[in-house]
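Trainee: Below you will find the structure I want to go over with you.
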Amino acid sequence: MKDATSAAFSLGLFSLVFSITAFSSSYWCEGTRKVAKPFCTEQNQGDHCIRFNSPDANNSNAVQYIWETGDDKFIDRKFHAGIWYSCEEIINGEDEKCRSFISLAPAADRGVLWLSIVAELLYNILLLTGVVLMSVEMCCYRSVIDGLKINAFSAVVTVLAGLLGMVAHMMYTTVFQMTVNLGPEDWRPHTWDYGWSFCLAWASFACCMAAAVTTINKYTKTILEFKHKRKTLERSLKIKYKFPDHAAPEKACNVYVNSFHNTTEDPAHPVKDLHHLATISVL
């Protein structure tokens, strides 16, 4: 059982780290957008500008011939966008120009974007709560019954976190696609695809659901084993001992169950001293 608890805790911790990293980054989507080349100047020379064949570029009366046609007039500028910011590279520069993604989203879709942000925050909070509960269950609980209660609560919290994370990721994807179609002209990408942050966010969701399944499986397995051992104990008491009261075996099992409120032993272990329980039941 300790191995299952440790596995669930590790998966929950990985999910939390992945989610926080993805939420704070701006690489959910990456791509390029076509930008018209500027005219070449004395300071700006190279392949990223349009050259003139006139020796006097400052003379407005001089005829300027532009040899670039079609796609030669444009340059592909890389960009990446996240929940908070959208950044694109500067031509002939190493820095990036960043803008708030919330301001780029269409006005009709900003409410959905804010819902996505709130859902992401709640997702991280619930994940943190689940990880804390798993650590308490693994290290600090005093009795098996209390451990099972913590286990059940952490399973519920982790499942809710996974559902919120899935909804948040899907809402952001919808808002981004709407922004690509209806966003500002000076931002709309020519080509785009999902980035590493988006993959990390869904990896966080997968780890979260795996942690929830592991926790629920541990809880269910413990309860089923406990019921099976209880029935086995009742059957053994009926066969080996002659009770004047037909309900005596069940009462003895209740004494056995209540004894685990102050112990950290596994409730599924076999009882060694059945005669002691039989004496208690008869009394």
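The values are calculated or read from the model by the stated rules, or taken from the named source; none is laboratory data. The structure presented is a predicted model; accordingly, all values stated were derived computationally and were not measured. Virtual Cβ from ideal backbone geometry, glycine too; neighbours counted across all protein chains shown. SASA here: full protein model, heavy atoms, side chains in, ligands and nucleic acids out. Shrake-Rupley method; radii C 1.70, N 1.55, O 1.52, S 1.80 Å.
Trainee: Those residues that are touching a Ser or Thr at 6+ places or on another chain (Cβ under 9 Å) and open to solvent by 10 Å² or more (accessible area, probe 1.4 Å), I need them from region 138-152; list them, please.
Mentor: Answer for region 138-152, where residues must be touching a Ser or Thr at 6+ places or on another chain (Cβ under 9 Å) and open to solvent by 10 Å² or more (accessible area, probe 1.4 Å): Met138, Tyr141, Arg142, Val144, Leu148, Ala152.
Trainee: Test Arg110 against the criterion of being basic (Lys, Arg) and at pLDDT 90 or above, and give yes or no.
Mentor: yes
Trainee: So which of Thr158, Thr173, Thr179 ends up being part of a helix (DSSP H, G or I), among the β-branched types (Val, Ile, Thr) and touching a Ser or Thr at 6+ places or on another chain (Cβ under 8 Å)?
Mentor: Values: Thr173 fails: touching a Ser or Thr at 6+ places or on another chain (Cβ under 8 Å); Thr179 fails: touching a Ser or Thr at 6+ places or on another chain (Cβ under 8 Å).
Step by step, each of Thr158, Thr173, Thr179 is checked, and only Thr158 is part of a helix (DSSP H, G or I), among the β-branched types (Val, Ile, Thr) and touching a Ser or Thr at 6+ places or on another chain (Cβ under 8 Å).
Trainee: Taking Gly111 and the conditions (1) in contact (Cβ under 8 Å) with a residue 12 or more places away in the chain; (2) open to solvent by less than 70 Å² (accessible area, probe 1.4 Å), which numbered condition does it fall short on, given that it satisfies the others?
Mentor: (1)
Trainee: Taking the condition touching a residue at least 24 places away in the same chain (Cβ under 8 Å) and over 10 Å from the mean Cα position of the chain (by Cα), does Asn217 pass?
Mentor: Against the criterion (touching a residue at least 24 places away in the same chain (Cβ under 8 Å) and over 10 Å from the mean Cα position of the chain (by Cα)), Asn217 qualifies.
Trainee: Determine which single condition Pro189 fails, assuming it passes every other condition in (1) closer than 30 Å to Asp146 by Cα; (2) modelled with pLDDT under 90; (3) surrounded by 19 or more Cβ atoms within 10 Å (Cβ to Cβ).
Mentor: (1)
Trainee: Moving on. Go through region 192-212 and give me each residue that's aliphatic (A, V, I, L, M), open to solvent by 20 Å² or more (accessible area, probe 1.4 Å) and within 13 Å of Gly130 (Cβ to Cβ). Before the answer, list the steps.
Mentor: Let us first name the residues in region 192-212 that are aliphatic (A, V, I, L, M), namely 200-201, 203, 206, 209-212.
Those left that are additionally open to solvent by 20 Å² or more (accessible area, probe 1.4 Å): 200, 203, 206, 209-210.
Residues satisfying the conditions are Met209, Ala210.
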